[in-house]
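Below is one structure, written out as C-alpha coordinates, with a few remarks after it.
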Amino acid sequence: MEFILNPNVAYVLLALAFLITIFALVAPGTGVLEVLSLASLMLVGYSIANMAVNTWAIILLLVGVILVILSLKRTGKWYFLAISITTLIVGMLFVYRSHNGRFLAVDPALAVIVSATMGAFIWIVGRNTYAAYKLAPARDPDRVVGMTGRAITDILNDGSVYVDGENWSATSDSKIAKGNAVVVKERSGLVLKVSLPEVEKTKKK
(Lines give C-alpha, C1' and ligand atoms only; values in the text may rest on other atoms or scores of the structure.)
Protein backbone atom coordinates (compact mmCIF):
# COMPACT_ATOMS: atom_id res chain seq x y z
CA MET A 1 0.00 0.00 0.00
CA GLU A 2 3.02 2.27 0.29
CA PHE A 3 2.94 3.11 -3.43
CA ILE A 4 -0.37 4.90 -2.82
CA LEU A 5 1.50 7.41 -0.65
CA ASN A 6 3.39 8.69 -3.68
CA PRO A 7 1.83 12.13 -4.44
CA ASN A 8 1.50 11.39 -8.16
CA VAL A 9 -0.19 8.04 -7.58
CA ALA A 10 -2.41 9.50 -4.86
CA TYR A 11 -3.41 12.36 -7.16
CA VAL A 12 -4.40 10.07 -10.04
CA LEU A 13 -6.32 7.84 -7.63
CA LEU A 14 -8.07 10.89 -6.19
CA ALA A 15 -9.14 12.04 -9.65
CA LEU A 16 -10.46 8.60 -10.58
CA ALA A 17 -12.27 8.20 -7.27
CA PHE A 18 -14.17 11.46 -7.52
CA LEU A 19 -14.87 10.99 -11.20
CA ILE A 20 -16.44 7.59 -10.49
CA THR A 21 -18.31 9.02 -7.49
CA ILE A 22 -19.79 11.85 -9.55
CA PHE A 23 -21.11 9.45 -12.19
CA ALA A 24 -22.40 7.04 -9.55
CA LEU A 25 -24.43 9.88 -8.01
CA VAL A 26 -25.58 11.44 -11.27
CA ALA A 27 -26.64 8.26 -13.04
CA PRO A 28 -27.10 5.40 -10.58
CA GLY A 29 -27.62 2.04 -12.21
CA THR A 30 -26.45 -1.51 -11.68
CA GLY A 31 -24.41 -0.78 -8.56
CA VAL A 32 -21.02 -1.37 -10.22
CA LEU A 33 -20.11 2.32 -10.15
CA GLU A 34 -21.23 2.57 -6.54
CA VAL A 35 -18.97 -0.33 -5.50
CA LEU A 36 -16.01 1.07 -7.45
CA SER A 37 -16.65 4.47 -5.91
CA LEU A 38 -16.63 3.09 -2.38
CA ALA A 39 -13.44 1.09 -2.97
CA SER A 40 -11.58 4.00 -4.55
CA LEU A 41 -12.69 6.44 -1.86
CA MET A 42 -11.38 4.07 0.80
CA LEU A 43 -7.96 4.12 -0.89
CA VAL A 44 -8.12 7.91 -1.09
CA GLY A 45 -8.98 8.03 2.60
CA TYR A 46 -5.92 5.91 3.34
CA SER A 47 -3.65 8.27 1.41
CA ILE A 48 -5.13 11.37 3.04
CA ALA A 49 -4.76 9.84 6.51
CA ASN A 50 -1.09 9.05 5.91
CA MET A 51 0.07 12.07 3.91
CA ALA A 52 0.37 15.79 4.57
CA VAL A 53 -2.71 17.49 3.13
CA ASN A 54 -4.24 20.95 2.85
CA THR A 55 -7.58 21.05 4.63
CA TRP A 56 -8.77 24.04 2.60
CA ALA A 57 -8.15 22.12 -0.62
CA ILE A 58 -10.18 19.13 0.60
CA ILE A 59 -13.06 21.48 1.42
CA LEU A 60 -12.74 23.11 -2.01
CA LEU A 61 -12.68 19.65 -3.63
CA LEU A 62 -15.88 18.58 -1.85
CA VAL A 63 -17.57 21.85 -2.79
CA GLY A 64 -16.52 21.25 -6.40
CA VAL A 65 -18.03 17.75 -6.39
CA ILE A 66 -21.32 19.08 -5.01
CA LEU A 67 -21.38 21.90 -7.58
CA VAL A 68 -20.67 19.51 -10.47
CA ILE A 69 -23.50 17.20 -9.41
CA LEU A 70 -25.89 20.12 -9.01
CA SER A 71 -24.93 21.56 -12.38
CA LEU A 72 -25.50 18.21 -14.11
CA LYS A 73 -28.74 17.36 -12.30
CA ARG A 74 -30.33 20.76 -11.82
CA THR A 75 -29.15 23.79 -13.75
CA GLY A 76 -27.75 22.42 -17.01
CA LYS A 77 -26.04 25.83 -17.50
CA TRP A 78 -22.64 25.57 -19.24
CA TYR A 79 -21.10 28.42 -17.26
CA PHE A 80 -22.14 26.91 -13.92
CA LEU A 81 -20.68 23.56 -14.96
CA ALA A 82 -17.44 25.28 -16.05
CA ILE A 83 -17.11 26.99 -12.66
CA SER A 84 -17.90 23.71 -10.90
CA ILE A 85 -15.26 21.77 -12.85
CA THR A 86 -12.66 24.49 -12.19
CA THR A 87 -13.40 24.40 -8.45
CA LEU A 88 -13.10 20.62 -8.42
CA ILE A 89 -9.80 20.59 -10.31
CA VAL A 90 -8.18 23.32 -8.21
CA GLY A 91 -9.17 21.52 -5.04
CA MET A 92 -7.70 18.26 -6.35
CA LEU A 93 -4.41 19.87 -7.34
CA PHE A 94 -3.69 21.13 -3.85
CA VAL A 95 -5.06 18.33 -1.65
CA TYR A 96 -1.58 16.92 -1.05
CA ARG A 97 0.81 19.37 0.55
CA SER A 98 3.95 20.16 -1.42
CA HIS A 99 7.45 19.92 0.03
CA ASN A 100 10.79 21.47 -0.81
CA GLY A 101 9.16 24.73 -1.82
CA ARG A 102 7.38 23.26 -4.83
CA PHE A 103 4.16 24.90 -5.97
CA LEU A 104 2.48 21.52 -6.46
CA ALA A 105 3.09 18.20 -4.76
CA VAL A 106 2.39 16.40 -8.04
CA ASP A 107 4.29 16.50 -11.31
CA PRO A 108 3.12 19.58 -13.29
CA ALA A 109 2.85 17.65 -16.57
CA LEU A 110 0.75 14.98 -14.88
CA ALA A 111 -1.40 17.67 -13.30
CA VAL A 112 -2.10 19.26 -16.70
CA ILE A 113 -2.93 15.93 -18.37
CA VAL A 114 -5.19 14.66 -15.56
CA SER A 115 -6.95 18.02 -15.09
CA ALA A 116 -7.63 18.47 -18.80
CA THR A 117 -8.81 14.89 -19.21
CA MET A 118 -11.07 15.01 -16.16
CA GLY A 119 -12.54 18.38 -17.12
CA ALA A 120 -13.26 17.29 -20.68
CA PHE A 121 -14.69 13.96 -19.54
CA ILE A 122 -17.11 15.56 -17.10
CA TRP A 123 -18.07 18.22 -19.62
CA ILE A 124 -18.79 15.88 -22.53
CA VAL A 125 -19.65 12.49 -21.08
CA GLY A 126 -21.22 13.78 -17.87
CA ARG A 127 -23.74 15.98 -19.63
CA ASN A 128 -24.60 13.33 -22.22
CA THR A 129 -24.89 10.57 -19.61
CA TYR A 130 -27.30 12.50 -17.44
CA ALA A 131 -29.30 13.71 -20.44
CA ALA A 132 -29.71 10.09 -21.56
CA TYR A 133 -30.57 8.98 -18.03
CA LYS A 134 -33.36 11.55 -17.80
CA LEU A 135 -34.93 10.69 -21.15
CA ALA A 136 -38.43 9.30 -20.84
CA PRO A 137 -38.99 5.85 -22.35
CA ALA A 138 -39.50 6.10 -26.09
CA ARG A 139 -42.79 4.21 -25.78
CA ASP A 140 -45.04 4.60 -22.78
CA PRO A 141 -46.76 1.25 -22.08
CA ASP A 142 -49.81 3.09 -20.74
CA ARG A 143 -50.33 4.69 -24.14
CA VAL A 144 -52.64 1.80 -25.05
CA VAL A 145 -55.24 2.77 -22.43
CA GLY A 146 -58.22 4.14 -24.31
CA MET A 147 -57.11 2.67 -27.64
CA THR A 148 -59.28 0.39 -29.73
CA GLY A 149 -58.03 -3.02 -30.79
CA ARG A 150 -59.37 -6.41 -31.84
CA ALA A 151 -59.84 -9.67 -29.96
CA ILE A 152 -57.73 -12.42 -31.52
CA THR A 153 -59.22 -15.04 -29.19
CA ASP A 154 -62.40 -15.32 -27.15
CA ILE A 155 -61.89 -13.27 -23.98
CA LEU A 156 -63.33 -13.63 -20.49
CA ASN A 157 -60.97 -14.55 -17.69
CA ASP A 158 -58.13 -14.49 -20.20
CA GLY A 159 -57.45 -14.14 -23.89
CA SER A 160 -55.46 -12.10 -26.37
CA VAL A 161 -55.98 -8.84 -28.20
CA TYR A 162 -54.18 -6.94 -30.91
CA VAL A 163 -53.69 -3.28 -29.98
CA ASP A 164 -51.37 -0.63 -31.44
CA GLY A 165 -49.43 -3.12 -33.53
CA GLU A 166 -48.79 -5.58 -30.68
CA ASN A 167 -50.36 -8.69 -29.20
CA TRP A 168 -51.36 -8.40 -25.52
CA SER A 169 -52.82 -10.75 -22.97
CA ALA A 170 -56.27 -9.54 -22.02
CA THR A 171 -59.10 -10.02 -19.56
CA SER A 172 -62.69 -8.76 -19.52
CA ASP A 173 -65.64 -8.63 -17.14
CA SER A 174 -67.91 -10.02 -19.85
CA LYS A 175 -67.33 -12.47 -22.67
CA ILE A 176 -65.97 -11.00 -25.88
CA ALA A 177 -65.96 -13.14 -28.98
CA LYS A 178 -62.94 -13.51 -31.22
CA GLY A 179 -62.81 -10.84 -33.91
CA ASN A 180 -64.76 -8.20 -32.00
CA ALA A 181 -63.44 -4.70 -31.53
CA VAL A 182 -62.33 -3.94 -27.97
CA VAL A 183 -61.44 -0.82 -25.98
CA VAL A 184 -58.58 -0.88 -23.48
CA LYS A 185 -59.76 0.22 -20.03
CA GLU A 186 -56.58 -0.27 -18.02
CA ARG A 187 -53.18 -1.96 -18.05
CA SER A 188 -51.67 -4.16 -15.35
CA GLY A 189 -48.18 -5.24 -16.31
CA LEU A 190 -48.51 -7.05 -19.63
CA VAL A 191 -52.25 -7.69 -19.25
CA LEU A 192 -54.92 -5.36 -20.58
CA LYS A 193 -58.42 -5.12 -19.21
CA VAL A 194 -60.74 -4.59 -22.15
CA SER A 195 -64.42 -4.19 -22.92
CA LEU A 196 -66.62 -3.88 -25.97
CA PRO A 197 -66.92 -0.39 -27.47
CA GLU A 198 -70.10 1.44 -26.50
CA VAL A 199 -71.47 0.98 -30.04
CA GLU A 200 -71.08 -2.78 -29.81
CA LYS A 201 -72.69 -2.84 -26.37
CA THR A 202 -75.67 -0.92 -27.73
CA LYS A 203 -76.08 -3.36 -30.63
CA LYS A 204 -76.10 -6.31 -28.23
CA LYS A 205 -78.91 -4.72 -26.24
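The values are calculated or read from the model by the stated rules, or taken from the named source; none is laboratory data. The structure presented is a predicted model; accordingly, all values stated were derived computationally and were not measured. Heads up, the Cβs are rebuilt from the backbone with ideal geometry, glycines too, and the neighbour counts pull from every protein chain shown. In case anyone asks, the SASA skips ligands and DNA or RNA and just uses the protein heavy atoms, side chains included. Shrake-Rupley method; radii C 1.70, N 1.55, O 1.52, S 1.80 Å.
General remarks:
- Pairs of Lys residues in the chain that lie 8 or more places apart, or on two chains, and have C-alpha atoms under 28 angstrom apart add up to 22.
- Modelled spin labels at Glu2 and Tyr79, positioned 7 Å past Cα toward Cβ, are 5.1 nm from each other.
- Residue-normalised accessible area of the chain, expressed per residue, 1.4 Å probe, Å²: 58
- The chain, relative contact order in percent, only Cα pairs under 8 angstrom and at least six apart counted: 14
- Label corresponding to percent of Cα pairs over 24 Å apart when calculated from the structure given, among (1) 52; (2) 57; (3) 37: (2)
- Extension gain for the segment Ile152 to Leu70, taken as residue separation times 0.36 nm less the Cα-Cα distance, is 24.4 nm to one decimal.
- Modelled FRET efficiency - R0 25 Å, Tyr46 with Thr86, Cβ distances, 0.05 increments: 0.35
- Within the accessible area of the chain (1.4 Å probe), percent carbon and sulfur: 64
- Sorting the Cα pairs of region 51-124 by distance into bins of 5 Å, from 0 upward, gives 3, 17, 24, 22, 17, 9, 5, 1, 0 percent per bin.
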